[in-house]
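The values are calculated or read from the model by the stated rules, or taken from the named source; none is laboratory data. Here the structure is a predicted model, which is why all the values come from computation and not from measurement. All Cβ positions, even for glycine, are placed from backbone atoms using ideal geometry, and neighbour counts span all protein chains on display.
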Amino acid sequence: MPDFTGKQGLIVGVANKRSIAWAIAQATARRGARLALTFQGRFEEHVRELSEGLTEPPLVLPCDVQSDEDIAAVFARVEQEFGGLDFLVHGAAFALRDELTSPFLNTSRAGFRIALDVSAYSLVALARAAVPLMEKRGGGSILTLTYLGSERVFPNYNVMGVAKAALESTVRYLAADVGPRNIRVNAISAGPIKTLAAAGIGGFSTILDVYRDRAPLRRNVEAAEVGEAAAFLLSDAGRAITGEVLMVDSGFHISGM
Ligand code: NAD
Ligand code: IMJ
């Protein structure tokens, strides 16, 4: 069991209790981590309410990852309150609904830019701000969340698939840059989970059924299981792993048919 006693982390991407980022917050806080959580505007109440359930109250800060000013303000506060940072979790993703409902061929320039900005570039921006705080601690671990739609075509995933491909490549380029400073960068590629980011996606229940039927473990994954895998990669137990995309999907990705 990885231990986070004395470790300090920043988690971006909690919207509500179903968020994968929340499962990661719980998995690390339960093991002793001191946390800062950021929320996107409309989720403030949810995130503050959830925070009260953690043993040590986290620092809760607003952050729109499309805003350089927001990112700067978050890291200024984290530096002030924590002094340094041991880990960063990136769980933000967004595409315009239109891009997830109309054919990929119709992807707009604006829709492409927004999806890539929120879902991929934001990892670069957050990592750049985190590095100086991690150097103060002699190293650190950065983790993002991705999906198999980066490599395979899933109905309606569309520009998000392109964004996740960019995100996974970003993980590798960042890992090469910051590795010499003992900072690791990895991704977890999770199987489908019914979160807000899955709500209202046509046919999501069918996707869950297909995974359950075809995955070697014959079941879907739970957010808590992604939380545990994340805790491993964020902890010293993962200290020789960087630039990696760890599949946490009941083995679905190995199936030929
Ligand atoms: P979620 O809706 O709980 O989390 C998505 C988060 O992105 C929300 O907290 C939202 O506030 C945040 N976000 C969107 N735009 C933002 C912005 N401009 N600034 C700041 N935050 C912003 O859903 P989730 O399923 O927990 O998603 C978390 C991550 O996991 C995403 O990267 C998603 O692609 C990935 N993922 C999800 C699944 C799944 O099936 N649910 C599977 C694999 C990977
Ligand atoms: C999302 C859309 C289409 C197919 C999908 C998904 N599959 C899975 C997801 C098969 C697993 C969930 N996922 C992995 C995501 O990354 C979702 C990202 C997302 C979801 C929404 C819905 C609401 C909205 N914009 C979004 N942007 C990104 O308006």
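Values computed for the structure shown
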read-out	value
Failed condition for residue 40, given (1) over 14 Å from residue 89 (Cβ atoms); (2) out of contact with any Pro (no Cβ under 9 Å at 6 or more places or on another chain)	(2)
Residue match in region 182-204 (condition: in contact with a Ser or Thr (Cβ under 8 Å, 6 or more places away or on another chain), at pLDDT below 95 and more than 8 Å from ligand 1 (Cβ to nearest atom))	yes
Residue that is nearest to residue 8 (Cα to Cα) [pool: residues in region 140-158 that are in a helix (DSSP H, G or I) and near ligand 2 (Cβ under 9 Å from one of its atoms)]	148
Boolean, residue 59 is more than 25 Å from residue 192 (Cα to Cα), hydrophobic (A, V, I, L, M, F, W, C) and crowded, with 22+ Cβ neighbours inside 10 Å	no
Members of region 3-24 that are among the aliphatic types (A, V, I, L, M), touching a helix residue (DSSP H, G or I) at 6+ places or on another chain (Cβ under 8 Å) and surrounded by 23 or more Cβ atoms within 10 Å (Cβ to Cβ)	10, 11, 12, 14, 20, 23, 24
Residue that is surrounded by the most Cβ atoms within 10 Å (Cβ to Cβ) [pool: residues in region 220-245 that are closer than 19 Å to residue 154 by Cβ and in contact with a helix residue (DSSP H, G or I) (Cβ under 7 Å, 6 or more places away or on another chain)]	226
Unique match (being within 13 Å of ligand 2 (Cβ to nearest atom), assigned to a helix (DSSP H, G or I), over 28 Å from residue 117 (Cβ atoms) and out of contact with any His (no Cβ under 6 Å at 6 or more places or on another chain)) among 226, 210	210
Residue match in region 19-26 (condition: more than 16 Å from ligand 2 (Cβ to nearest atom) and in contact with a Phe, Trp or Tyr (Cβ under 6 Å, 6 or more places away or on another chain))	no
Identity of the residue in region 183-206, out of contact with any Leu (no Cβ under 7 Å at 6 or more places or on another chain), among the polar types (S, T, N, Q) and not in a loop (DSSP other than H, G, I, E, B), that ends up nearest to ligand 2 (Cβ to nearest atom)	206
Hits in region 88-122 (condition: away from ligand 1 (no atom under 16 Å from the Cβ) and either assigned to a strand (DSSP E or B) or more than 19 Å from residue 66 (Cβ to Cβ) (or both))	101, 102, 103, 104, 105, 106
Options 215, 166; residue that is under 21 Å from residue 21 (Cβ atoms) and surrounded by 15 or more Cβ atoms within 10 Å (Cβ to Cβ)	166
Members of region 159-178 found to be of a type in the set (A, V, I, L, M, F, W, C), more than 8 Å from ligand 2 (Cβ to nearest atom) and farther than 30 Å from residue 84 by Cβ, listed by number	159, 162, 163, 165
Scan of region 132-153 for residues that are buried (at least 20 other Cβ atoms within 10 Å of the Cβ) and either among the hydroxyl-bearing types (Ser, Thr, Tyr) or within 13 Å of residue 183 (Cα to Cα) (or both), ordered by number	133, 134, 140, 141, 142, 143, 144, 146, 147, 150
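For (1) assigned to a helix (DSSP H, G or I); (2) more than 8 Å from ligand 1 (Cβ to nearest atom), each residue gets a yes or a no:
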position: 5; (1), (2): no, yes
position: 14; (1), (2): no, no
position: 38; (1), (2): no, no
position: 47; (1), (2): yes, yes
position: 55; (1), (2): no, yes
position: 60; (1), (2): no, yes
position: 66; (1), (2): no, no
